[in-house]
1. Report the one residue of A:71, A:165, A:4 whose Cα lies farthest in the direction of the positive end of the charge dipole of chain A (charges on C-beta: Lys and Arg +1, Asp and Glu -1; origin at the Cα centre).
2. Per residue of the stretch B:199-205, what does 6.51 cos²θ - 1.76 cosθ + 1.60 with θ = phi - 60° give for ³J(HN,Hα)? Whole Hz please, x for Gly and Pro, Karplus curve as stated.
3. So, by mean Cβ neighbours within 10 angstrom, what's the order for A:211-219, B:225-233 with the highest one leading?
4. Taking beta carbons within 10 Å but only from partner chains, what does the mean come to for residues B:144-150?
5. Using only atoms on other chains, find how many Cβ atoms lie within 10 Å of each Cβ of peptide B:227-240 and report the average.
6. So how tilted is helix A:126-140 from the main axis of chain A? Cα-based, degrees 0 to 90, rounded to 10.
7. Helix A:273-283: angle to the longest alpha-carbon principal axis of chain A, degrees 0 to 90, nearest 10?
8. Hydropathy at least -0.5 by Kyte-Doolittle, axial extent at least 18 angstrom from the Cα trace: which helices of chain B, defined as entire DSSP H runs, fit?
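What follows draws every value from the coordinates through simple rules; no lab data is involved. A quick note: this is a predicted structure, and the numbers were derived from the prediction, not measured. Because the Cβ atoms are built from the backbone with ideal geometry, glycine has one as well, and the counts that use them run over all protein chains shown.
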Amino acid sequence: MLAFAFKRLAQSVAVLFVMSGLVFAGVYAIGDPVAILVSPQADQEEIARATAALGLDQPLWRQYGNFIAGALGGDLGRSFVSNVSAMQLILERMPATLELAVAAMVIAVALGIPLGLWAGLRPDSWAARTIMAGSILGFSLPTFWVGVMLIMVFSVTLGWLPPTGRGATVTVLGVPVSFLTMDGLRHLFMPALNLALFQLALLIRLTRAGTREALAQDYVRFARAKGLSMARVLRVHVLKNILIPVVTVTGLEFGSLIAFAIVTETIFAWPGMGKLLIDSINALDRPVIVAYLLIIVVLFVLINLVVDLVYTALDPRVRLAGRAA
Amino acid sequence: MTTASSPHSPHVSPLSGFWRDYARDRIAVAAVAAMALILLSAIFAPLLSPQNPYDLAQLDILDAKLAPGAKASAGFTYWLGSDDQGRDMASAILYGLRISLGVGVASTLIALAIGVAVGLAAGYAGGWVDGLIMRIVDLQLSFPSILIALVLLAAVGQGVDKIVIALVLVQWAYYARTVRGTALVEKRKEYVEAARVMAFGRMRIVIRHLLPNVLPPLIVVATVQVAHAIALEATLSFLGLGMPITEPSLGLLIANGFVHLLSGRYWISFFPGVALLITIVAINLVGDRLRDVLNPRLGSHYGA
């Protein structure tokens with residue numbers, strides 16, 4: 001088990017290096033950031049001075065070397081636009097994105113598993129068919145359109161919820177969170193629901209498939225023959241067995257949630273990392289773009305690693321096979 | 001499972017037998033009808049729309065933000081209203097559908113070609129070639145498509161060709177992985193061994209023998225991926241990174257209308273959204289039904 005963990009860790013570090021190279025090449029090697037930041041009337045001397053000041057006149061490999069040296073020390077450059085450390089900008093806004101992503105995951109799991117179980121138990125019932133039709137809608141509808149519609153219905157027509165922004169925050173352990181206040185919850189509800197929809201549809205289908213498969217197994221029939229109630233069979237036997245693929249998919253999709261938060265944050269003006277990325281792309285603020293991508297890569301590699309380890313720990317078949325091998 | 005298309009009833013062609021199987025689900029038939037309608041509207045957009053929304057000379061800024069049903073200064077009716085630049089929504093939607101469908105289908109086909117080529121090469125060659133290609137594929141697949149497309153478009157700028165390139169780059173890996181899996185299985189079958197014994201060249205075996213057997217499962221995947229590509233293009237346009245503002249696709253139209261939602265002019269965002277929605281849902285329904293019909297585990301005998 002330990003050897004497995006070390007191997008995965010080494011692989012992850014290798015992936016990090018490759019991705020950092022790709023990200024750097026993609027963002028720094030294409031186009032000319034100086035043109036944006038210098039006034040159109042600048043003469044050659046001013047442009048040369050600006051280029052030198054931003055470090056863009058050095059050969060590419062040297063820029064990359066400086067970049068990696070800085071990155072290992074936590075310094076990913078200063079934003080071209082606001083001259084604040086790029087790392088600091090991103091870390092300031094990360095709690096907001098994480099809050100949104102976690103809220104979305106909670107909604108997806110809390111609604112998805114029960115609905116999927118229901119649809120799996122009585123697959124031909126009217127309720128199950130509605131749930132399945134709803135799930136097709138859930139992953140077909142583009143996220144941004146659902147967001148726009150949610151605002152239209154709940155804010156413009158009904159006036160129940162505020163359309164944009166993050167609510168009042170409370171600082172917990174030095175991190176500002178907004179779900180502990182009523183105002184915060186009112187602001188959090190729509191964006192979280194919007195982000196959760198795709199996940200929800202996926203989970204419903206997954207849970208339903210797993211439930212139908214599990215119910216056909218012999219151990220369930222034996223348990224029912226023994227006289228156990230359906231509720232107990234579900235709770236003790238079926239749920240545990242379908243949880244493994246559900247946990248794996250949910251964990252891996254968490255990274256996807258953080259990525260799709262870009263769209264949701266733009267629509268709902270949620271002050272997170274995603275909105276920062278879009279603003280930086282429009283302003284050609286390269287250090288921030290690169291910092292964001294690197295942090296996302298680190299996050300993803302971490303998530304994959306954790307999911308791998310959790311999966312190995314959860315599924316006794318994998319553990320025993322590993323030991324026997 | 002015997003149906004009318006079994007080889008014992010020579011009067012039913014395989015295609016009509018397939019349609020009969022497919023048509024058992026009414027909703028799927030409706031989805032195909034919707035898709036056909038959308039496709040025809042997109043192809044004949046210049047004939048159907050009263051105004052060419054890309055021709056700036058035809059737009060009248062004084063006609064901006066009119067409600068659905070208002071009359072234009074040029075004489076025709078804005079059935080779906082007009083947007084903030086005076087574009088007729090109905091025309092803009094038809095032309096936008098063209099771009100969305102064109103980009104979606106083109107990128108899927110190109111990604112399919114590349115993915116199939118790479119997947120077949122990896123699956124048939126095996127060894128370190130297979131390992132290397134699969135490493136690259138896994139790396140790409142572990143990141144969400146929107147991030148890859150976003151960074152690419154941020155680097156290369158706007159335009160139809162660049163969007164197609166970005167979408168192709170996002171999708172090819174998925175096909176490559178699927179095809180490689182099928183190729184690995186087919187490689188061990190006897191017809192491949194027989195072909196090799198007959199001293200056919202590798203290229204010939206791959207193209208004439210492996211390829212036809214690898215394609216059927218891809219039909220379903222490709223159909224659903226077209227919907228996914230259309231949704232991705234719309235999302236990118238919505239974020240401002242897709243089509244330029246003078247040739248709006250559906251995503252950009254929705255983005256334009258977004259700022260007017262809070263003042264009650266819902267039609268600028270709503271109608272393009274409905275058009276996009278129907279397109280994507282119809283394609284997904286068709287793909288779902290195709291998967292059920294072609295699934296060998298449910299008794300299909302259409303190969304694969």
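1. A:4
2. With coefficients 6.51, -1.76 and 1.60, one gets 6, 6, x, 4, 4, 5, 4 Hz.
3. Working: A:211-219: 14.3, B:225-233: 26.4.
Packing proxy ranking, top to bottom: B:225-233, A:211-219.
4. Details: counts 10, 3, 7, 12, 1, 0, 9.
What the average comes to for B:144-150 is 6.
5. Numbers: counts 3, 3, 0, 1, 7, 1, 1, 4, 8, 1, 1, 9, 10, 4.
Mean shielding count: 4.
6. Taking the Cα atoms of chain A, the angle to A:126-140 is about 20 degrees.
7. Helix A:273-283 sits at roughly 30 degrees to that axis.
8. Numbers: long enough: B:26-43 (26 Å, 2.36); B:89-125 (52 Å, 1.71); B:127-141 (21 Å, 0.93); B:160-187 (38 Å, 0.72); B:216-238 (34 Å, 1.45); B:267-294 (40 Å, 1.38).
Those that pass (Cα extent of 18 Å or more, hydropathy at least -0.5) are B:26-43, B:89-125, B:127-141, B:160-187, B:216-238, B:267-294.
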